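Here's the structure, in structure tokens; my notes come after.
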Amino acid sequence: MKNKNIISSVVGAGFFAVGYLGLSLALPPALLLGATSFVASELIINGAKKEEIKELTFKDRIIDAKNKNKHIKDMINSVDDVDVQKDLEEITKTSSKIINAIEKNNMKNKTVTKFLDYYLPICVKIVDRYDDIENQSLTSKDSKKFMTDSKKIISDTNNAFKKILNSLYQSDILNADAEMKVYNSILKSDGYEESLLEGDEDE
């Protein structure tokens, strides 16, 4: 980290020198050029660092998701609003099922990536911010609007996670349905009563 800061400083100083000495810019514009260069260098370096952080193993990503889900679960008792508590309870239950399905089937599709890298982390941030603002008992117009919007987003997240869970099992449902239809056809062709599958009593 120290070396990266040195690199950024050198880049910033270099652009300052070029602007002030080489291009004969006034001191303020030259300083601005140097500062801008320093910030840009920091962003590039930190951006590369973020890319490194993203390169987690599948197992690490699952562990991280479980920790985030546990954090949301731990926040339930901190929230005062009953409706939000209910949504958070359902979110953690659904999220747990999603994570288990991902882990069990080693899923790595687009939906899974969005859930692990975006939906779940953002949900954690929203819940934390909601709890923080709620604890302040603020009465301003902006704070009330934030609380209302946050409650809606948490509710929407609850519904979204349920849809994600359904989508993960959609192919399994279709495959199982196809297998049952084939099985039913075989039973019929072998002379067994259809009523055995439909739940009717034998005559």
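The values are calculated or read from the model by the stated rules, or taken from the named source; none is laboratory data. Here the structure is a predicted model, which is why all the values come from computation and not from measurement. Note: ideal-geometry Cβ built from the backbone for every residue, glycine included; neighbour counts use all protein chains shown.
Kindly provide the set of residues from region 97-114 that are in contact (Cβ under 8 Å) with a residue 40 or more places away in the chain, among the polar types (S, T, N, Q) and in a loop (DSSP other than H, G, I, E, B), ordered by number.
N106
In region 73-91, which residues are surrounded by 14 or more Cβ atoms within 10 Å (Cβ to Cβ) and either under 18 Å from L120 (Cβ atoms) or not charged (D, E, K, R) (or both)?
Scanning region 73-91 gives K73, M75, I76, S78, V79, V84, Q85, D87, L88, E89, E90, I91.
Let's see how each residue does on (1) hydrophobic (A, V, I, L, M, F, W, C); (2) within 16 Å of the chain's Cα centre (by Cα); (3) modelled with pLDDT of 90 or more; (4) part of a loop (DSSP other than H, G, I, E, B):
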{"site": "K86", "(1), (2), (3), (4)": "no, no, yes, no"}
{"site": "S95", "(1), (2), (3), (4)": "no, yes, yes, no"}
{"site": "L116", "(1), (2), (3), (4)": "yes, yes, yes, no"}
{"site": "S155", "(1), (2), (3), (4)": "no, yes, yes, no"}
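Based on this model, can you work out whether D60 counts as of a type in the set (D, E, K, R), at pLDDT 55 or above and surrounded by 13 or more Cβ atoms within 10 Å (Cβ to Cβ)?
For D60, the condition - of a type in the set (D, E, K, R), at pLDDT 55 or above and surrounded by 13 or more Cβ atoms within 10 Å (Cβ to Cβ) - is not met.
Could you look through region 119-133, keep only residues that are within 10 Å of the chain's Cα centre (by Cα) and in contact (Cβ under 8 Å) with a residue 40 or more places away in the chain, and pick out the one that is surrounded by the fewest Cβ atoms within 10 Å (Cβ to Cβ)?
Once the filter is applied, the top-ranked residue is P121.
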